[in-house]
């Protein structure tokens, strides 16, 4: 009881700190920067935060610096969905799933509701995430520590399975895409053995293919090339935009998706490395499975946007938990914040909450405020974005191409990456022509390396015995769930075939 | 007589041209780029940024940290090697795994000793063996007893064939334990793994584990260094415990490409020394577990070569191979 | 009707994918395979390539019936505009290193909008200048990304 009182006290203190003019200003700056960075292709939140590190020294106060950087991080999560919905280009891996139904909604003139529900969902999810962070952070972090290679393997496998289900069309094509994605993911340095795979001597490929390059190429450029076939002189969206905001019906349809997505995102997102992507996948699969109209998914079902978008924002909040409670960064952007803290003399870890409660609670409080700020920032912009779609596609297309080129170039300052993006653009174009869906491919590309590392690490730990996946409690549960899932799928497919044959 | 004076004057003028050149553009005239061949947020990156933070007090122009990760450190280092040797592009991290260990196993795209001029050493990140705080063993001796009864003992390491991996293979051979090293993507992932108990022990640098040592989640049981590491002074060396596993660990120094003028090198060495003497810098470094250990160009150059040879000896003595 | 039309395309895709699978499998043999209990770097790619080949064969077999009346891949010369797009794009990447960002981007916009979309000169030029300027300012100044400078560096 006294613990909970202590939390409220700390939180109250935190709000007092977060509401100072300086901290509010920097929270706002962070939110704006983050949104911009999330929308612009290429540069991600971790790169931006690293650019701002010297600035954070000048600010002087660690609380203020983190408030700003945290703002950038989850601001980017809000912004990432914008390009996914408008032009089918995912800003980062966690936004790929949003592209599926989000872009379809935009094509049907429902970009406004899509963007709106993404913003609202993100706000609710982010807030739930911060509430979770406030109250269950330490025990949850301990639980997350128990996730070792076998658990990651099981979880990623689950994610991959769900990715196969995403695509429309035959199962065979879906599986082919997943396999191709896995193969693409193995290009580059193999961290377990140190061997370099499939680079044909090209130094630039040693680190593997970058997600951004692949996504911009296959999704962005591929879409543009195929649209060039039809001489689209007018706007991309020919149907009149009916509503700018989500209707009450939209909200009624999505509200549970948002709640479910928030919890899925929060619990899976706490896992370092890949948590956000997997959570968006799981959310999409859950929504599709639970929905009374699953055939709508892939054609513009609003739950297909609401769920995953909430999931990835909750995951963003959750990824702060390992940092603030254990001192373990979960992804590149958080690692940058970790470094920024270290440099300013703050040790993130279990002692942070007791030794520097101001910093801990100040940051947590500002995350609540930040979510509000982002909602206020993003909702009015929906109108702006919808206007953008009214620009004739003949002009919009080359501009999108340029944004992609510069975005990709900004990653490593080399034109090579632009060529790679172009190649994937052509591949994406061809794939669209032959009705192969790039969605599962890119998700497999992201999850594949995690999966392979996990299984090889697990086998090293178990001295080669595959039993480790089943004997460990968490991993065993996940594997059991997985097997049940597959059996269920097989059962359903067989029953459908039987029904088809009977009719 | 007058002609001689005239000749002397003219000669004097000609001879002073180099000084004119230098006086006209004294190094540095613009910001200096410091390349870190590792990802942002890692221990080398933090070191570089700390240096960059204190530098304005002593350098006439700012130091700008740029991350160039890739190829285990080789990509970024190579880019410095190929850059113009005018002192405006420096490599921070000289003495890391890819400088001292990798050349024993692979052909390098550049010569780590001749293509780079060592400027100074900043710190040494030693290799520490750690175990979980709640493990049934508390010292190296107990760990070895426990480990001998098992088929294999797992150790989480940051990179395959890095300095930590190689050192642990040596530990295995020296102690008679069958150590299987499990590589992760960098120190942070490796620490998470040992904290979570996924492996039996781990190998990390003090800066990566200092907060976990404080919270007693991790216990350091031995350090692979000639003498004890001042960051963790209570931890005995492997040698003290009877095992001849000695390595220089991951050294962090600054280097410039071959061909950089000597005046530039001495300016840089001098200023970096001033940074290393700065009390604020010393304290910050101590807090993050990276003790300041300055060495000037000549000493550092020798230290690097000795370290390289030492790794070579360890590899030979314990017959360590890349799988 | 649509299903019949693309069966031939699926068959062709199948053959292409089969080729990819076989080549990948062959090239992964140069990597060490390890054993099932301790997979090496070549293990997964080889296995995946095999699975890909099998799936490709399945795809071919699934579409082996009919398909004579296949829809044309590129009806009515629709290949022209995408080809132009790809060509202009590749030229952009190539010239970027020579002329630097500003001239190349400007030219890219002019050529694209002119050759592919045939937009009126006035609109075309205004937009090209405006977009080039905006992009330059956002990336070079705001985000401090050093854009290629060509031979003027």
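The values are calculated or read from the model by the stated rules, or taken from the named source; none is laboratory data. Keep in mind that this is a model prediction, so the values were computed, not measured. FYI the Cβ positions are ideal-geometry reconstructions off the backbone, even for glycines, and counts take in every protein chain you see.
Of the residues that sit in the stretch A:162-174 and are within 22 Å of the chain's Cα centre (by Cα) and within 13 Å of chain C (Cβ to nearest Cβ), which one is surrounded by the most Cβ atoms within 10 Å (Cβ to Cβ)?
Here the answer is A:174.
What's the total number of residues in the stretch A:273-289 that are in contact with a helix residue (DSSP H, G or I) (Cβ under 8 Å, 6 or more places away or on another chain), over 21 Å from residue A:334 (Cα atoms) and either in a loop (DSSP other than H, G, I, E, B) or without any contact (Cβ under 8 Å) to a residue 60 or more places away in the chain (or both)?
2
Can you go through A:306, A:332, A:311 and tell me which one is modelled with pLDDT of 90 or more and under 29 Å from residue B:39 (Cα atoms)?
Answer to the selection: A:311.
For the stretch C:32-54, which residues satisfy the criterion of being at the interface with another protein chain (Cβ under 7 Å from one of its Cβ atoms), part of a helix (DSSP H, G or I) and in contact with a strand residue (DSSP E or B) (Cβ under 7 Å, 6 or more places away or on another chain)?
Result: C:45, single match.
Is there a residue being more than 13 Å from chain A (Cβ to nearest Cβ) and closer than 30 Å to residue B:90 by Cα anywhere in the stretch B:191-198?
The answer is no; no qualifying residue exists.
Which residue, of A:401, A:391, A:420, is facing another protein chain (nearest Cβ under 9 Å), more than 22 Å from the chain's Cα centre (by Cα) and in contact (Cβ under 8 Å) with a residue 24 or more places away in the chain?
None of the others qualify; the one that does is A:401.
Between A:259, A:270, which is in contact with a helix residue (DSSP H, G or I) (Cβ under 7 Å, 6 or more places away or on another chain) and touching a residue at least 12 places away in the same chain (Cβ under 8 Å)?
On inspection, the qualifying residue turns out to be A:270.
Among the residues of the stretch A:200-232, which ones are more than 11 Å from chain C (Cβ to nearest Cβ) and outside any helix (DSSP H, G or I)?
The answer is A:201, A:202, A:206, A:207, A:208, A:209, A:210.
Picking from C:139, C:89, C:94, which residue would you name as being crowded, with 19+ Cβ neighbours inside 10 Å, assigned to a helix (DSSP H, G or I) and at pLDDT 90 or above?
C:89
Which number in (1) buried (at least 18 other Cβ atoms within 10 Å of the Cβ); (2) part of a helix (DSSP H, G or I); (3) within 14 Å of another protein chain (Cβ to nearest Cβ) marks the one condition that residue A:446 misses?
Condition (3) is where residue A:446 drops out.
Kindly evaluate residue A:464 against the criterion of being outside any helix (DSSP H, G or I), within 13 Å of chain C (Cβ to nearest Cβ) and either modelled with pLDDT of 90 or more or touching a strand residue (DSSP E or B) at 6+ places or on another chain (Cβ under 6 Å) (or both).
Taking the combined requirement at face value, the residue satisfies it.
Filter the stretch B:125-141 down to residues that are part of a strand (DSSP E or B) and within 18 Å of the chain's Cα centre (by Cα) and give me whichever is surrounded by the fewest Cβ atoms within 10 Å (Cβ to Cβ).
Out of the qualifying residues, it is B:129.
Scan the stretch A:130-169 for residues that are touching a helix residue (DSSP H, G or I) at 6+ places or on another chain (Cβ under 7 Å) and under 30 Å from residue C:7 (Cβ atoms) and jot them down.
A:160, A:161, A:162, A:163, A:164, A:165, A:166, A:167
Yes/no matrix, rows are residues, columns are (1) part of a helix (DSSP H, G or I); (2) in contact with a helix residue (DSSP H, G or I) (Cβ under 7 Å, 6 or more places away or on another chain); (3) more than 7 Å from every other protein chain (Cβ to nearest Cβ); (4) surrounded by fewer than 24 Cβ atoms within 10 Å (Cβ to Cβ):
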{"site": "B:44", "(1), (2), (3), (4)": "yes, no, yes, no"}
{"site": "B:50", "(1), (2), (3), (4)": "yes, yes, no, no"}
{"site": "B:53", "(1), (2), (3), (4)": "yes, yes, no, yes"}
{"site": "B:56", "(1), (2), (3), (4)": "yes, no, yes, yes"}
{"site": "B:61", "(1), (2), (3), (4)": "no, no, yes, yes"}
{"site": "B:74", "(1), (2), (3), (4)": "yes, yes, yes, yes"}
{"site": "B:80", "(1), (2), (3), (4)": "yes, no, yes, no"}
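Only one of A:98, A:25, A:48 is more than 19 Å from residue B:41 (Cα to Cα) and surrounded by 24 or more Cβ atoms within 10 Å (Cβ to Cβ); which?
Result of the check over A:98, A:25, A:48: A:98.
Just checking, does the stretch B:153-165 include any residue being more than 11 Å from every other protein chain (Cβ to nearest Cβ), farther than 21 Å from residue B:95 by Cα and surrounded by fewer than 24 Cβ atoms within 10 Å (Cβ to Cβ)?
Among the residues of the stretch B:153-165, not one is more than 11 Å from every other protein chain (Cβ to nearest Cβ), farther than 21 Å from residue B:95 by Cα and surrounded by fewer than 24 Cβ atoms within 10 Å (Cβ to Cβ), which makes the answer no.
Does residue A:428 satisfy the condition of being under 19 Å from residue C:85 (Cβ atoms), within 11 Å of another protein chain (Cβ to nearest Cβ), in a helix (DSSP H, G or I) and at pLDDT 90 or above?
no
Closer than 30 Å to residue A:393 by Cβ and either away from chain B (no Cβ under 14 Å) or part of a helix (DSSP H, G or I) (or both), is that true of residue A:127?
no
Might you let me know whether the stretch B:244-256 holds any residue that is over 14 Å from the mean Cα position of the chain (by Cα), surrounded by 21 or more Cβ atoms within 10 Å (Cβ to Cβ) and in contact (Cβ under 8 Å) with a residue 40 or more places away in the chain?
Yes; the residues of the stretch B:244-256 include at least one that is over 14 Å from the mean Cα position of the chain (by Cα), surrounded by 21 or more Cβ atoms within 10 Å (Cβ to Cβ) and in contact (Cβ under 8 Å) with a residue 40 or more places away in the chain.
In the stretch C:80-91, how many are closer than 22 Å to residue A:409 by Cβ and at the interface with another protein chain (Cβ under 7 Å from one of its Cβ atoms)?
Result for the stretch C:80-91: 4.
Just wondering, is there one or more residues in the stretch C:102-110 that are part of a helix (DSSP H, G or I), at pLDDT below 85 and surrounded by 18 or more Cβ atoms within 10 Å (Cβ to Cβ)?
No, the stretch C:102-110 contains no residue that is part of a helix (DSSP H, G or I), at pLDDT below 85 and surrounded by 18 or more Cβ atoms within 10 Å (Cβ to Cβ).
From the residues in the stretch A:292-303 that are part of a helix (DSSP H, G or I) and within 19 Å of residue A:247 (Cα to Cα), which one is modelled with the lowest pLDDT?
For the stretch A:292-303, the residue satisfying everything is A:296.
If I go through the stretch A:337-351 residue by residue, how many of them are at the interface with chain B (Cβ under 8 Å from one of its Cβ atoms) and within 20 Å of residue B:55 (Cα to Cα)?
Residues meeting the conditions: 4.
Pick from A:429, A:409: which is touching a helix residue (DSSP H, G or I) at 6+ places or on another chain (Cβ under 8 Å), closer than 27 Å to residue C:13 by Cβ and surrounded by 21 or more Cβ atoms within 10 Å (Cβ to Cβ)?
A:429
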